[in-house]
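Here the structure is laid out as structure tokens; the discussion comes afterwards.
The values are calculated or read from the model by the stated rules, or taken from the named source; none is laboratory data. If you're wondering where the values come from, they're calculated on a predicted model, not measured in any experiment. Methodologically, a virtual Cβ is constructed for each residue, glycine included, from the backbone with ideal geometry; neighbour enumeration extends over all protein chains shown. These area figures cover heavy atoms from the full protein model, side chains too; ligands, DNA and RNA do not enter into them. Shrake-Rupley method; radii C 1.70, N 1.55, O 1.52, S 1.80 Å.
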Amino acid sequence: MAGADMTLLAIDDISKNFGKHQALCDISLAIESGEFVSLLGPSGCGKTTLLRLIAGFLRADRGTISIAGEDVTGLPPHRRPLNTVFQNYALFPHLTVADNVAYGPRRTGAGKAEASRRAQEALDLVGLGEFGDRYPRQMSGGQQQRVALARAIVNRPKLLLLDEPLSALDLQLRKRMQIELKQLQEKIGIAFVFVTHDQEEAMAMSDRIAVMNAGRIEQVGTGAEIYRRPATRFVAEFIGEASLLPVQRTGNGALTIVPAVEASGRSVAVLRPEHAQIFAGQADASTSCNLLSMEGHVETVASIGGVTNIYVRALGHLVHARRLGLVESGLREGQKVVLGIDPQNLHLLEGPQP
Amino acid sequence: MTASRSVILGLVALPLVYFTAFFLVPLMTVFVASLTDAQQGGMTFSNYARILLDEYHWSVIAVTFRLGILTTLICIVLGYPLAWYLVRIVKWRTWRRICVILLVLPLFTSNIVRSFGWMVLLGRNGLVNETLQAGGLIERPIRFLGTETGILIGLVYILLPFVVLTIGNALAKVDHSLEQASADLGASSASTFWHVTFPLSIPGVVSGSIIVFALAVSAYVTPALLSGGRVTVLAVLVFQQYSSVFNFHYGGALAITLLVFTLLMIAIASLVSRLGAR
Ligand SMILES: Nc1ncnc2c1ncn2[C@@H]1O[C@H](COP(=O)(O)OP(=O)(O)OP(=O)(O)O)[C@@H](O)[C@H]1O
Ligand SMILES: [Mg+2]
């Protein structure tokens with residue numbers, strides 16, 4: 001039972017269809033108290049649908065959801081011990097900011113004075129203590145976002161659901177709010193389920209990330225885990241950048257890279273661009289032992305800000321390499337180079353790949 | 001520069017001309033007539049004095065506005081659930097469309113025809129009385145024709161679509177995510193309705209009320225037909241003066257009285273609702 005005590009939200013084998021369209025398929029996910037979990041995935045993969053199922057706005061076709069050990073699958077939204085920050089904030093336009101935030105306590109039995117005291121507390125927490133008398137329409141986007149947050153945490157739920165809460169903000173504000181939101185989450189100790197399709201945001205904020213694709217969870221893990229050891233081809237390509245290389249084992253168990261023409265049916269290894277080294281000639285490559293080397297030529301060199309992306313064509317594969325700073329002299333398009341890869345940096349995807 | 005100035009002048013002048021031609025001039029004509037003496041010409045308040053210093057006229061005003069207020073209230077009470085049903089309950093689009101068509105279809109037929117219809121239905125041996133008697137609810141037929149109740153039924157029937165449409169419109173505009181946010185914060189459905197949906201639909205209720213009230217107090221055909229000459233409202237008096245007595249001065253004063261009282265009522269109502277919102 002000790003393990004069960006820690007689990008705050010347990011999602012078991014949830015499926016949801018919209019007509020013939022399968023929006024969610026066999027989703028299972030467990031979230032612990034105080035944990036920050038991001039749902040990350042491309043548009044239309046079912047993130048919002050999953051969130052709405054947890055909140056109770058949708059009913060699942062199959063499966064169960066329990067919160068703090070209680071099965072809430074059949075409960076209506078207002079009886080579930082969680083709160084939501086909506087994507088468009090959904091602030092009540094006819095109520096002042098203070099009344100918006102006091103709405104939760106008022107509806108759950110707090111008196112007028114008690115409710116407004118708690119609302120003031122929550123507004124102070126998000127730095128909007130002075131703005132209680134305004135109406136939502138008199139606030140900027142970032143301020144409205146904070147009001148929505150204050151309104152959602154005022155009842156001190158154990159679990160907060162956030163559907164792309166920062167997507168309407170400009171980049172600067174967004175970065176700042178990411179930090180503030182994370183700090184707030186740690187301070188109040190509420191578990192967050194945070195929907196985003198921005199992987200940097202997910203990486204920067206989450207304890208764990210659930211990567212979703214086409215109604216399924218492909219992998220759940222820390223940012224480092226899903227980056228270093230992606231479970232599927234989709235995760236490898238969706239998170240960060242990667243070159244996918246077909247490989248085979250030679251007699252002595254060492255890995256070799258298979259040319260593109262013989263690729264079908266092989267296992268696939270994931271190579272991150274920072275792990276692909278580029279040498280001027282074979283001699284340089286063999287100075288460091290144990291490197292897999294491939295001859296090729298530079299196809300594209302592109303500098304963006306502090307990094308340079310180099311695409312090398314070798315064995316028919318287009319391999320992506322990255323260097324910090326501007327590219328060293330002599331690396332031109334069309335130039336012959338040798339790629340060196342430490343086999344330890346190759347992550348093999350499990351199972352046969354198409 | 002001069003070209004754009006003339007364009008701007010035109011843009012300002014056009015609506016002005018429009019309002020002057022269609023609203024101000026007719027109104028001023030009536031207003032001036034109401035202040036002119038019928039025999040000698042020249043300015044006088046005697047037309048108004050004749051109305052406001054006379055008990056009969058006050059009783060007509062009272063009947064008119066009692067009918068207006070009751071019609072508005074009943075229309076809101078009946079129209080709100082109907083609008084709710086159309087906007088929120090009906091999921092099947094075709095059925096909703098059919099309902100809306102059924103609702104507005106009567107508006108395309110003549111007021112006179114529909115009022116005559118009610119005369120038949122509400123008569124001594126009309127369908128309403130027969131049904132009530134057959135159901136054992138009443139022993140002798142109720143007299144509807146020639147009573148305020150009869151007129152009220154007719155007015156409510158004719159004006160109900162306006163309320164349903166304005167309230168339905170307002171309800172459709174209430175963002176669903178606001179109701180979800182309310183539920184998320186712990187409010188039951190009933191609580192969500194009272195604290196979110198209903199307050200946000202009030203603009204529709206107010207505009208519907210104003211339309212219905214204005215149309216009810218100025219209605220002529222329905223009260224004239226259903227009253228059987230026994231109940232008189234202001235619009236009927238006005239019509240008599242203009243069409244049979246040809247006293248445009250006294251008739252004009254009656255019309256202006258109706259207008260002023262209507263505006264006064266609407267002003268009071270909006271003041272009350274604004275104070276209530278505090
Ligand atoms: N009410 C609905 N009726 C029918 N299909 C729906 C409904 N809601 C969602 N879908 C479908 O389910 C799939 C998942 O939708 P969902 O909104 O969960 O995606 P998402 O991951 O949140 O995408 P985004 O990042 O664009 O917000 C989509 O293909 C969508 O078209
Ligand atoms: Mg979404």
For the stretch A:45-72, what are the residues that are within 13 Å of ligand 2 (Cβ to nearest atom), touching a strand residue (DSSP E or B) at 6+ places or on another chain (Cβ under 8 Å) and assigned to a loop (DSSP other than H, G, I, E, B)? A:CYS45, A:GLY46, A:LEU58
Say whether the condition of being open to solvent by less than 30 Å² (accessible area, probe 1.4 Å) and touching a helix residue (DSSP H, G or I) at 6+ places or on another chain (Cβ under 8 Å) is met by at least one residue in the stretch A:50-57. yes
Quick one: in the stretch B:160-186, which of the residues that are away from chain A (no Cβ under 14 Å) and open to solvent by less than 20 Å² (accessible area, probe 1.4 Å) is nearest to A:ASP163 (Cα to Cα)? B:LEU171
Unmet requirement for A:PRO42, which otherwise passes all of (1) within 14 Å of another protein chain (Cβ to nearest Cβ); (2) within 15 Å of ligand 2 (Cβ to nearest atom): (1)
Pick out the one residue from A:ILE14, A:ILE31 that is open to solvent by less than 10 Å² (accessible area, probe 1.4 Å) and within 16 Å of ligand 1 (Cβ to nearest atom). A:ILE14
Can you name every residue in the stretch A:82-109 that is more than 30 Å from the chain's Cα centre (by Cα), open to solvent by 30 Å² or more (accessible area, probe 1.4 Å) and either of a type in the set (Lys, Arg) or at the interface with chain B (Cβ under 8 Å from one of its Cβ atoms) (or both)? A:PRO93, A:HIS94, A:ARG106, A:ARG107, A:THR108
Just to be sure before I move on: is A:ILE239 among the β-branched types (Val, Ile, Thr), more than 30 Å from B:GLY186 (Cβ to Cβ), touching a strand residue (DSSP E or B) at 6+ places or on another chain (Cβ under 6 Å) and more than 16 Å from ligand 2 (Cβ to nearest atom) in the structure I sent? no
So, B:THR222, is that one among the hydroxyl-bearing types (Ser, Thr, Tyr) and surrounded by 21 or more Cβ atoms within 10 Å (Cβ to Cβ) or not? yes
Which of the residues spanning the stretch B:113-127 are closer than 21 Å to B:VAL231 by Cα and touching a Leu at 6+ places or on another chain (Cβ under 7 Å)? B:SER115, B:PHE116, B:TRP118, B:MET119, B:LEU121, B:LEU122, B:GLY123
